[in-house]
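Notes follow once the structure below has been shown.
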Amino acid sequence: MDPQENWNTSEKAKLLQPGPPPYPDHSTYPPPGSFQSTSGYPAQQFGAPGPYQGPYPGHQAVTVQPAIYVTTTPLAYPLPDYLGYSIFTMLCCCFPLGIAALIYSINTRNANMSGQQQLAESNSKMARTLNHTALGIGLALLVFYIIYVAVVVTNTQHSTDP
């Protein structure tokens, strides 16, 4: 795209930022290699031309250890996760306790797969306890419902008898 004929370059030149400052004079710097020390330590090399000289005077050398990668393996004898039991109690007995038991069951399965024995044990025990509690509540509600229906049915039959 060509500039227009009425293009004013002096007007646009004012909008440009100023150029960079001139480079400093490096003639006062010493050449790469060694320099004279004013601190009382022996002369040190700087720059790239020499091999690594070791730690600074008065400091210990730092040894870097290689990175260690830890891989987890599943437990050889995994603990029971009670997943099926948790799904049953969630759907058939007590929904809130079944959900909690299901969460602990999944956490048990994850701990078994990552090799965390203690976490798997605690999650497995909690899932079992929640499942037993949910089953007990579900059975108790079922028994109370059967008794309620039996009492209501017998009372309605006795009240309608002549």
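Taking only the Cα atoms of the range 60-162, the ratio Rg/Rh comes out at 1.46, with Rh defined as the Kirkwood radius. Relative protection proxy for 75-87, 147-159, 127-139, from highest mean packing down: 127-139, 75-87, 147-159 (other beta-carbon atoms within 10 angstrom).
Every number here is computed from the coordinates shown, using simple stated rules; none is lab data. Quantities reported herein were computed from a predicted structural model and do not represent experimental measurements. Methodologically, a virtual Cβ is constructed for each residue, glycine included, from the backbone with ideal geometry; neighbour enumeration extends over all protein chains shown.
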